[in-house]
Structures are given as C-alpha cells and as structure tokens.
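A.B. asks: Let me give you the structure first, and then I'll get to my questions.
The values are calculated or read from the model by the stated rules, or taken from the named source; none is laboratory data. Note that the structure is predicted; figures quoted are calculated from it, not measured. Virtual Cβ from ideal backbone geometry, glycine too; neighbours counted across all protein chains shown.
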Amino acid sequence: MKPFAALLLGTLLVLGIVYYLLPLLVLQEEGLAWFLLLIVNPVVCILTGIPAGIAGGIKKSAILHPLICGAAFFPAIFLYYNDSALVYLPIYICVAVMGLAVGWIILYKK
C-alpha cells in the first residue's frame, strides 16, 4: 500500500473514532454536542490534514482528505445530531483544506 493511501486509511480510522465513538460517550450530557461540533471535530480535521499535506504534497490526490472528512461526517449528522448540523459539513471541509495547506507549507519549507 502506498504511504499516502495508508495515511488516508489512518485518517478515516481517526475520524471514525471521533465522529462515531466519541458522541456515544459525550452526548449524554447536554451542551457537549456544541463542544464536539465547534472544537473537537475541526481540530481533528486540521490535525489529520497536516500529515496528509506533508505526505501528499500538492497533487490531485490531496483533495481526497477533505472529501473524506466531509463524507465521514455526513452519516454522523443523522445518527447523533439533527439536520441543523449540516452547516458544519462545509466548515469541516474548509478546515481540512487549511490543515492540508499547513502540511504543504511545512513540506516546502524544508
């Protein structure tokens, strides 16, 4: 398996844990859903984007990371949240692109 494909698989695993297992533990408390949606999920999108940007560089395949971030969150909207959480989908995609950009900057500063 190519390193970038393995990295995307690892990203999918981390996002699966954060998007699907963490809400099971946290959403029993009222008000913590906002913490997940506004703090935890964007931070995870950025942190998984940085290694993807470093490993992938500026290539056409780099767009897979933001798409994975958005596609992995889409079913979680209907499982744990409601339709109003659809607003966060493009935000997470943009934040993932920012993480890729930080990774690209780190890669090309070397």
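A.B. asks: Being aliphatic (A, V, I, L, M) and over 12 Å from the mean Cα position of the chain (by Cα) is the filter; apply it to the stretch 40-65 and report the residue that is nearest to F4 (Cα to Cα).
C.D. replies: Once the filter is applied, the top-ranked residue is A55.
A.B. asks: So, one more: Of all residues in the stretch 67-91, which are in contact with a Pro (Cβ under 9 Å, 6 or more places away or on another chain) and surrounded by 15 or more Cβ atoms within 10 Å (Cβ to Cβ)?
C.D. replies: G70, A76, Y80, Y81, Y88, I91
A.B. asks: Could you check, for the stretch 81-90, whether at least one of its residues is free of Cβ contacts under 8 Å to residues at least 24 places away in the same chain and in contact with a Phe, Trp or Tyr (Cβ under 7 Å, 6 or more places away or on another chain)?
C.D. replies: Looking through the stretch 81-90, at least one residue is free of Cβ contacts under 8 Å to residues at least 24 places away in the same chain and in contact with a Phe, Trp or Tyr (Cβ under 7 Å, 6 or more places away or on another chain).
A.B. asks: In addition: Give C94, C45 a once-over and let me know the one that is assigned to a helix (DSSP H, G or I), surrounded by 20 or more Cβ atoms within 10 Å (Cβ to Cβ), at pLDDT 90 or above and of a type in the set (A, V, I, L, M, F, W, C).
C.D. replies: Only one candidate passes the filter, namely C45.
A.B. asks: Between residues in the stretch 20-36 that are in contact (Cβ under 8 Å) with a residue 40 or more places away in the chain and over 12 Å from L79 (Cα atoms) and residues that are among the aromatic types (F, W, Y) and in a helix (DSSP H, G or I), which pairs lie under 9 Å by C-beta distance while being six or more apart or on different chains?
C.D. replies: Between residues of the stretch 20-36 that are in contact (Cβ under 8 Å) with a residue 40 or more places away in the chain and over 12 Å from L79 (Cα atoms) and residues that are among the aromatic types (F, W, Y) and in a helix (DSSP H, G or I), the close pairs are A33/Y80.
A.B. asks: Could you run through the stretch 60-91 and say how many residues are out of contact with any helix residue (DSSP H, G or I) (no Cβ under 7 Å at 6 or more places or on another chain) and outside any helix (DSSP H, G or I)?
C.D. replies: 1
A.B. asks: Also, quick follow-up: Need the failing condition index for G16 against (1) farther than 27 Å from K110 by Cα; (2) buried (at least 16 other Cβ atoms within 10 Å of the Cβ), just the number.
C.D. replies: All conditions are met except number (2).
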